[in-house]
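Undergrad: Sharing a structure here in structure tokens format.
The values are calculated or read from the model by the stated rules, or taken from the named source; none is laboratory data. Computed from a predicted model, the values in this text were never measured in an experiment. Note that each Cβ is placed from the backbone with ideal geometry, even for glycine, and that neighbours are counted across all protein chains shown. Areas reflect the complete protein model, heavy atoms only, side chains present, ligands, DNA and RNA absent. Shrake-Rupley method; radii C 1.70, N 1.55, O 1.52, S 1.80 Å.
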Amino acid sequence: MNFNQLLSNAIGANQEQATNSVFCDKNNKLQDVKLVEVSFEEQLFVTEGQSIPFADVQYVVIQKPVYENLEEYQKETGNLNYSNYRIEMSDKFTITGQCVYCEKEEGLWKLLRLHKNHIFIILVSEKNVTNMELIQSNGRSTFGREEERYTGEIKEVDLGTVKIDEKWVHKFPPELLFKYQALPLFKKNNFLEVAFTNPQQIDAMQVMSFIAGCNIEPLKANKRDLLEYLSGIVQFQNEKEALNELERVGIDASKSLATNEIESLGKKKGVINLMASIITDAIEKGASDIHLHPREKYLQLLYRMDGTLTPIRKLNLSLHQALVSRIKIIGGMDISERRLPQDGRIEYTGSGKSIDMRISVMPTVYGESVVIRILDSSQGLRDISELGFNEKDTERFINLLHSSYGMFLVTGPTGSGKTTTLYAAINEKIKEGPHIVTVEEPVEYKMEGVTQIPVNHKIGYTFARALRNILRHDPDVIMVGEIRDGETAKIAVESSLTGHLVLSTLHTNSAVSTITRLIEMGVEPYLLKDALVGILAQRLVKKNCQHCLIEEKIPESIRKEIQAAKNDKFYKGAGCAECFNTGIAGRRSVYELLSISPEVAKEIQDSLDINKLNEIAQKQGMVTLAEMALELARKKEISALEVYKIRANASQIKTLEEE
């Protein structure tokens, strides 16, 4: 067995992950990092972004096992022996355990640690070791004491009834706890009891047991409870650490700072950790946006979850300039500019997700306000079967997409899921193998096999200009992010009539009103009737949490407005632990799908009567937005308020909520 080759393979095999190792520095601070190389000649650990001398590190734990079991190692090497080790560190703490291999090379102790029948690599700096002791073992024991082992049965734990020893929580890096979704509880009988959302993670238990210096007993906890508790503890600790750093340099909320001072604040470790924990927490909770708004006496943190802006906590106002500085640094923005709005972007990869974040910074009377839009590619790219269509409409939708030419439009207000539907349509077209070109602002999700073009208004590269250029690029399918003006509408229609399938979006209230909007933009009816193949109007509605349903009482006037029968009963979520006390369990689409039949096309050219178009469409089988929403409410999937939102204006909605 060649240890260095084994080490190189272990590092190389995990390069697609955001982190692969845990470092413990000379100050006993732990950090979850990505190790790229170990240079024995130069005595350096090479990570992404920096090189660290062996002497500056106490130990490094490679997170993934290099052998899945002891038998595999013994068969490959012929080594049937293993030893107990006791390593006394200069920082006056001791590491104990079992290993199958231990050698020293160029300032580094190299160990193959045996933990729960798996074998892991541990690297310990020779300079920081005061004593190294190895005792050959004939059994699974640690220095003569039989290892206490849990039965293997994983019990469930209710975090609301457990007294948590927070010193164990603070012993581990926050990034590591979020990565493993693990919450240390307390130590009992030489076991550290740890709650996991997935207690089958072997690498998590080995890393945590090495850091804790004792065995781990895994327990199963509710995911939402665990993440809620963990984010509260971690964010509070990071906020406290950041405030202490600002206090040491004499910074408070009232002090006006120079640009270099603000930039320095954004690089403080406590500020970095606090911002990282906020972003991680928002991603784990499925938030679509992070809001940081300065108020007169505090900094307000909010997440948009399931379309609702939810207050998370009030931060100390002294942190405002430091956090904005940190956001500008990672978003590639101008730190010195505080008078004008700015936009930025962050690409984040971690926990098996690829996240694109778009940043908007706006000056307000109390300082700069920040909104971070979270675009999760794993959530955004969906199959048509996941859009919420019934079987009949799924078939109609796919048939429309298989048109060789024409224009298909998805309509609705901002935040109604239009882009998600368009990407699902593109996913369907990819199967046919055509040349697909998209023009977007911005490119939200990168797709394999698609030529994607971002517009750039600063240099005059608009949707209309891009469309004219695209036609010379031999496309089969064209996706236009949005039709905003008459010029873009006319070029899109002309493109669809010259052998291209054009997919796009428009801001209208219904499928039929889309036709009149295009004509108002200057598109001739005789061209539109031949260009259009279909229109999908959609909204997103909030689903009831099925764990806390209660009957929803609605006034007679509202019942009449949504056209419900007198004996119809409606329900809503009251709020519980499963839904973070919101009563909401995600969102789904409601839609109306209009196919442009010969009858509809004739009406577009002859009279363009909206009511008559609606009649024809419904005779063809189109279910309106309001009808679909009402049917979902009858099935307890959504509340009556959601149905009312489809029909009513904002002032009427307020009346229902108050009543």
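Undergrad: Quick check on Leu501: is it closer than 21 Å to Arg517 by Cα and touching a strand residue (DSSP E or B) at 6+ places or on another chain (Cβ under 6 Å)? Please lay out each step first, then the result.
TA: On the way: closer than 21 Å to Arg517 by Cα: yes; touching a strand residue (DSSP E or B) at 6+ places or on another chain (Cβ under 6 Å): yes.
Yes.
Undergrad: Among the residues of region 435-478, what is the count of those that are touching a residue at least 40 places away in the same chain (Cβ under 8 Å) and either open to solvent by 30 Å² or more (accessible area, probe 1.4 Å) or touching a Gly at 6+ places or on another chain (Cβ under 7 Å) (or both)?
TA: Looking only at region 435-478, we keep the residues that are touching a residue at least 40 places away in the same chain (Cβ under 8 Å), and these are 435-442, 444-447, 475-478.
In the following step, the residues that additionally are either open to solvent by 30 Å² or more (accessible area, probe 1.4 Å) or touching a Gly at 6+ places or on another chain (Cβ under 7 Å) (or both) were identified as 435, 439-442, 444-446, 476.
So the answer is 9.
Undergrad: Has region 339-356 got at least one residue that is farther than 24 Å from Pro173 by Cα, in contact (Cβ under 8 Å) with a residue 60 or more places away in the chain and not in a strand (DSSP E or B)?
TA: no
Undergrad: Suppose we keep only residues that are among the hydrophobic types (A, V, I, L, M, F, W, C), assigned to a helix (DSSP H, G or I) and modelled with pLDDT under 90 within region 628-659. Which one would you say is most open to solvent (accessible area, probe 1.4 Å)? Can you show your working first?
TA: As a first pass, look at region 628-659 and keep what is among the hydrophobic types (A, V, I, L, M, F, W, C): 628-630, 632-633, 638, 640-641, 643, 646, 648, 650, 653, 656.
Restricting the remaining residues to those that are assigned to a helix (DSSP H, G or I) gives 628-630, 632-633, 640-641, 643, 646, 650, 653, 656.
Next cut, modelled with pLDDT under 90 only: 646, 650, 653, 656.
Working: Ile646: 39, Ala650: 80, Ile653: 30, Leu656: 16 Å².
Only one residue tops the list, namely Ala650.
Undergrad: Among the candidates Ala276, Ala282, Ala287, Ala322, which residue alone is in contact (Cβ under 8 Å) with a residue 40 or more places away in the chain and touching a Leu at 6+ places or on another chain (Cβ under 6 Å)? Spell out the reasoning first.
TA: Numbers: Ala276 fails: touching a Leu at 6+ places or on another chain (Cβ under 6 Å); Ala282 fails: touching a Leu at 6+ places or on another chain (Cβ under 6 Å); Ala287 fails: touching a Leu at 6+ places or on another chain (Cβ under 6 Å).
From the options Ala276, Ala282, Ala287, Ala322, the qualifying one is Ala322.
Undergrad: Next question. Against the condition within 30 Å of Thr421 (Cβ to Cβ), outside any loop (DSSP other than H, G, I, E, B) and either touching a Ser or Thr at 6+ places or on another chain (Cβ under 8 Å) or touching a residue at least 24 places away in the same chain (Cβ under 8 Å) (or both), how does Ile327 come out, does it pass? Don't jump to the end; show me each part of the working.
TA: Working: within 30 Å of Thr421 (Cβ to Cβ): no; outside any loop (DSSP other than H, G, I, E, B): yes; either touching a Ser or Thr at 6+ places or on another chain (Cβ under 8 Å) or touching a residue at least 24 places away in the same chain (Cβ under 8 Å) (or both): yes.
Spelling it out, it is not the case that Ile327 is within 30 Å of Thr421 (Cβ to Cβ), outside any loop (DSSP other than H, G, I, E, B) and either touching a Ser or Thr at 6+ places or on another chain (Cβ under 8 Å) or touching a residue at least 24 places away in the same chain (Cβ under 8 Å) (or both).
Undergrad: Here's another thing I want to ask about it. In region 479-508, what residues are open to solvent by 30 Å² or more (accessible area, probe 1.4 Å), in contact (Cβ under 8 Å) with a residue 40 or more places away in the chain and within 35 Å of the chain's Cα centre (by Cα)? Even if it seems obvious, please write down each step before you answer.
TA: The initial filter retains those residues of region 479-508 that are open to solvent by 30 Å² or more (accessible area, probe 1.4 Å), namely 482, 484-485, 487, 490, 494, 497-499, 507.
With in contact (Cβ under 8 Å) with a residue 40 or more places away in the chain added as a condition, the list becomes 482, 497-499, 507.
Passing the criteria: Glu482, His507.
Undergrad: Still on this structure, please answer the following. How many of the residues making up region 55-85 are in contact (Cβ under 8 Å) with a residue 24 or more places away in the chain and touching a helix residue (DSSP H, G or I) at 6+ places or on another chain (Cβ under 6 Å)?
TA: Within region 55-85, residues that are in contact (Cβ under 8 Å) with a residue 24 or more places away in the chain and touching a helix residue (DSSP H, G or I) at 6+ places or on another chain (Cβ under 6 Å) number 8.
Undergrad: Just the residues that are within 40 Å of the chain's Cα centre (by Cα) and open to solvent by 60 Å² or more (accessible area, probe 1.4 Å), please, taken from region 90-109.
TA: Listed by number, the residues that qualify are Asp91, Thr94.
Undergrad: For region 35-87, which residues satisfy the criterion of being touching a Pro at 6+ places or on another chain (Cβ under 9 Å) and either of a type in the set (Asp, Glu) or outside any strand (DSSP E or B) (or both)? Reasoning before the result, please.
TA: Filtering region 35-87 for residues touching a Pro at 6+ places or on another chain (Cβ under 9 Å) gives 42-45.
Residues satisfying the conditions are Glu42, Gln43.
Undergrad: Something else: State which residue is nearest to Gly586 (Cα to Cα) when the search covers only region 558-574 and only residues that are of a type outside the set (Lys, Arg) and open to solvent by 80 Å² or more (accessible area, probe 1.4 Å). Can you show your working first?
TA: As a first pass, look at region 558-574 and keep what is of a type outside the set (Lys, Arg): 558, 561-565, 567-568, 570-571, 573-574.
Pick out the ones that are also open to solvent by 80 Å² or more (accessible area, probe 1.4 Å) and you get 563, 567.
Working: Gln563: 25, Asn567: 28 Å.
So, considering only residues that are of a type outside the set (Lys, Arg) and open to solvent by 80 Å² or more (accessible area, probe 1.4 Å), the one nearest to Gly586 (Cα to Cα) is Gln563.
Undergrad: Could you check, for region 596-606, whether at least one of its residues is modelled with pLDDT under 90, under 22 Å from Leu528 (Cβ atoms) and open to solvent by 30 Å² or more (accessible area, probe 1.4 Å)?
TA: Scanning region 596-606 turns up at least one residue that is modelled with pLDDT under 90, under 22 Å from Leu528 (Cβ atoms) and open to solvent by 30 Å² or more (accessible area, probe 1.4 Å).
Undergrad: Next question. Please work out which residue is surrounded by the fewest Cβ atoms within 10 Å (Cβ to Cβ), limiting yourself to region 509-533 and to residues that are more than 30 Å from Ser639 (Cβ to Cβ) and small (Gly, Ala, Ser).
TA: Gly522
Undergrad: Follow-up question, since we're still on this one. Among the residues of region 378-414, how many are aliphatic (A, V, I, L, M), surrounded by fewer than 17 Cβ atoms within 10 Å (Cβ to Cβ) and touching a Lys or Arg at 6+ places or on another chain (Cβ under 9 Å)?
TA: Of the residues in region 378-414, 0 are aliphatic (A, V, I, L, M), surrounded by fewer than 17 Cβ atoms within 10 Å (Cβ to Cβ) and touching a Lys or Arg at 6+ places or on another chain (Cβ under 9 Å).
Undergrad: Let me ask something else. Can you tell me which of (1) in contact with a Phe, Trp or Tyr (Cβ under 8 Å, 6 or more places away or on another chain); (2) assigned to a loop (DSSP other than H, G, I, E, B) is the one Asn27 doesn't meet?
TA: (1)
Undergrad: Go through (1) open to solvent by 30 Å² or more (accessible area, probe 1.4 Å); (2) modelled with pLDDT of 85 or more; (3) farther than 15 Å from Ala564 by Cβ; (4) under 33 Å from the mean Cα position of the chain (by Cα) for Leu625 and report which single condition fails.
TA: Failed condition: (1).
Undergrad: For region 238-254, check the following and say yes or no: at least one residue is open to solvent by 40 Å² or more (accessible area, probe 1.4 Å), at pLDDT 90 or above and farther than 30 Å from Thr197 by Cα.
TA: no
Undergrad: Please determine whether any residue of region 339-353 is more than 30 Å from Ser416 (Cβ to Cβ) and at pLDDT 85 or above.
TA: Initial filter on region 339-353 (more than 30 Å from Ser416 (Cβ to Cβ)): 339-340.
So of that shortlist, the ones also at pLDDT 85 or above come out as 339-340.
Yes, the conditions are met somewhere in region 339-353.
Undergrad: Given (1) under 23 Å from Gln342 (Cβ atoms); (2) in a helix (DSSP H, G or I); (3) touching a residue at least 40 places away in the same chain (Cβ under 8 Å), identify the lone condition not met by Lys429.
TA: Of everything listed in (1) under 23 Å from Gln342 (Cβ atoms); (2) in a helix (DSSP H, G or I); (3) touching a residue at least 40 places away in the same chain (Cβ under 8 Å), Lys429 misses just condition (1).
Undergrad: Return yes when Ser137 is open to solvent by less than 20 Å² (accessible area, probe 1.4 Å) and at pLDDT below 85 and no when it is not. Working first, answer last.
TA: Numbers: open to solvent by less than 20 Å² (accessible area, probe 1.4 Å): yes; at pLDDT below 85: yes.
It is true that Ser137 is open to solvent by less than 20 Å² (accessible area, probe 1.4 Å) and at pLDDT below 85.
Undergrad: Any residue in region 207-227 that's modelled with pLDDT under 85: show its pairings with residues that are assigned to a loop (DSSP other than H, G, I, E, B) at Cβ separation under 6 Å, as long as the two are six or more apart or on different chains.
TA: Val207/Gln63; Cys214/Asn190; Lys223/Thr197; Leu226/Thr197
Undergrad: Looking at region 589-600, I want the residues that are over 17 Å from Gly412 (Cα atoms) and in contact (Cβ under 8 Å) with a residue 24 or more places away in the chain and have a partner that is open to solvent by 10 Å² or more (accessible area, probe 1.4 Å) and in a strand (DSSP E or B) with Cβ atoms under 7 Å, at least 6 apart or on another chain. Which pairs are those?
TA: Ile596/Val533
Undergrad: Return the pair list, or none, for Cβ contacts closer than 8 Å from residues in region 615-636 that are basic (Lys, Arg) to residues that are assigned to a helix (DSSP H, G or I) and surrounded by 14 or more Cβ atoms within 10 Å (Cβ to Cβ), at least 6 apart or on different chains.
TA: Nothing qualifies.
Undergrad: Every residue in region 27-43 that is open to solvent by 60 Å² or more (accessible area, probe 1.4 Å) and at pLDDT below 80, please. If you could, list the steps in order and put the result at the bottom.
TA: Keep residues of region 27-43 that are open to solvent by 60 Å² or more (accessible area, probe 1.4 Å), which gives 27-29, 31, 36-37, 41-43.
Passing the criteria: Asn27, Asn28, Lys29, Gln31.
Undergrad: Another question, if that's okay. Which members of region 163-199 meet the condition of being closer than 21 Å to Leu274 by Cβ and open to solvent by 40 Å² or more (accessible area, probe 1.4 Å)?
TA: The answer is Glu166, Lys167, His170, Lys171, Glu175, Lys179.
Undergrad: How many residues are part of a strand (DSSP E or B) and surrounded by fewer than 20 Cβ atoms within 10 Å (Cβ to Cβ) if we restrict to region 110-134? Break it down stepwise before answering.
TA: Step one: of region 110-134, the residues part of a strand (DSSP E or B) are 110-115, 118-125, 129-134.
After this cut, where a residue has to be surrounded by fewer than 20 Cβ atoms within 10 Å (Cβ to Cβ) as well, the list is 129-134.
Selection size over region 110-134: 6.
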